[in-house]
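Please treat every number below as a calculation from the coordinates, not as lab data. The structure presented is a predicted model; accordingly, all values stated were derived computationally and were not measured. As a convention, Cβ positions derive from the backbone with ideal geometry for all residues, glycine included, and neighbour counts pool all protein chains shown.
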Amino acid sequence: QKEVEQNSGPLSVPEGAIASLNCTYSDRGSQSFFWYRQYSGKSPELIMFIYSNGDKEDGRFTAQLNKASQYVSLLIRDSQPSDSATYLCAVINGWYSGGGADGLTFGKGTHLIIQP
Amino acid sequence: DTAVSQTPKYLVTQMGNDKSIKCEQNLGHDTMYWYKQDSKKFLKIMFSYNNKELIINETVPNRFSPKSPDKAHLNLHINSLELGDSAVYFCASSQDSVTSGSSYNEQFFGPGTRLTVL
């Protein structure tokens, strides 16, 4: 059973600063990692995907992966009040024999608050 | 032209009743899922369904059963509802790709159905 751990927060960051969100995972064989954002009362939406060690940048977002330490992080630069949400880290459970992923295991999410 | 839709959005019912939640995706995806998000906001996979193959999370009670009339639909039937079934249920779909060294799975979620069992 895969496990994904996140600090539930809340994590409070001033507007314009860098928000740093962290995640650890239990299965050393996990290959792909996802960050979803969920606003209160809304459904999760994918914001970043990473599978190689190192950094991956997309606009103000940077995902970092360290497979040796089984650690994934998400950095949000120039934080905006609209970034206030719960951020969910996820890994793929497995794969169907014919293709298609067998669901995601999510962490419990980190609640991020950007203070104006 | 919503990508993943669910009905109803809200469902309030009594303990012991049987209810269904419908899900449809118009993205042409091959895999569909049901997730449960509890009061503590923990999102947990219940079922995944791909090309008539069903994978069930072992912790899901057999009162829950998914039904897929075709590739675009995955409905959730719940029998003998219990208080603990109260949660938000999300349907999702994905079109996955696996290439050397990586596996990509972007899941598109429906808006959720808030189930309240009284």
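Please name which of A:Ser84, A:Tyr25, A:Gly9 has its Cα lying farthest along the dipole of the stretch A:1-109 towards the positive end, using unit charges on Cβ (Lys, Arg +1; Asp, Glu -1) and the Cα centre as origin. Value computed over the given set: A:Tyr25.
Placing +1 on the Cβ of every Lys and Arg and -1 on the Cβ of every Asp and Glu, with no other charges, gives chain B a dipole of roughly 340 debye about its Cα centre. Counting Cβ atoms of other protein chains within 10 Å of each Cβ in B:28-35 and taking the mean gives 3.
Is there a pair in B:Lys19/B:Lys40; A:Lys108/B:Lys36; A:Lys108/B:Lys44 whose C-alpha atoms are over 19 Å apart, and which pairs would that be? Distance filter (> 19 Å) returns B:Lys19/B:Lys40. Here the mean projected area of the convex hull built on the C-alpha positions of the protein assembly as shown is 12.9 nm². Peptides A:7-14, B:70-77, B:31-38 ranked from most to least packed, by the mean per-residue count of other Cβ atoms within 10 Å: B:31-38, B:70-77, A:7-14.
Kindly work out what percent of the DSSP beta bridges joining two residues of the protein assembly as shown are antiparallel, to the nearest 5. DSSP beta bridges in the protein assembly as shown are roughly 90 percent antiparallel. Approximating the spin labels as points 7 Å out from Cα along Cα→Cβ, the B:Arg63-to-A:Ile18 distance works out to 4.9 nm. Since only B:Ser86, B:Gln6, B:Tyr104 are under comparison, the one whose Cα sits farthest along the positive direction of the charge dipole of chain B, derived from C-beta charges on Lys, Arg, Asp and Glu, is B:Ser86. For the stretch A:3-68, a Kirkwood radius taken over Cα pairs fed into Stokes-Einstein (37 °C, viscosity 0.692 mPa s) yields D = 243 µm²/s. Loop-resident trypsin sites (Lys or Arg not before Pro) (DSSP state other than H, G, I, E or B) in the stretch A:1-41 with no more than 12 further Cβ atoms inside 10 Å of their Cβ: A:Arg28.
This model, with +1 at the C-beta of Lys and Arg and -1 at the C-beta of Asp and Glu, gives the protein assembly as shown a dipole about its Cα centre of some 400 debye. Near B:Ser93, once Lys and Arg are set to +1 and Asp and Glu to -1 for all other residues with Cβ below 12 Å from its Cβ, the sum equals -3.
Distance between the modelled labels on B:Thr7 and B:Lys40, one decimal in nanometres: 3.5 nm (7 Å Cα→Cβ projection). Dividing the convex hull volume of the alpha carbon atoms of chain A by its residue count gives 104 Å³ per residue.
Within the stretch A:7-116, DSSP assigns beta bridges of which about 90% are antiparallel (rounded to the nearest 5). When the Cα atoms of the stretch A:58-115 are aligned to their principal axes, the ranges along those axes come out at 46, 23, 21 Å in descending order.
For the stretch B:1-62, GluC sites (Glu not before Pro) meeting the loop criterion (DSSP other than H, G, I, E, B) and having at most 15 other Cβ atoms within 10 Å: B:Glu58. Once you reduce the stretch A:34-61 and the stretch B:1-51 to the center of their Cα atoms, the two points are 22 Å from each other. Taking the inverse of the mean 1/r over every pair of distinct Cα atoms in chain B gives a Kirkwood hydrodynamic radius of 14.6 Å.
Among A:Gly41, A:Gly54, A:Gly29, the largest mean-square fluctuation in a Gaussian network model of chain A, built with springs joining Cα atoms closer than 10 Å, belongs to A:Gly41.
When +1 charges are put on Lys and Arg Cβ atoms and -1 charges on Asp and Glu Cβ atoms, the dipole computed for chain A relative to its Cα centre reaches about 120 debye. Free of any GluC sites (Glu not before Pro) that DSSP assigns to a loop and that have at most 14 other C-beta atoms within 10 Å, the longest stretch within chain A is A:16-116.
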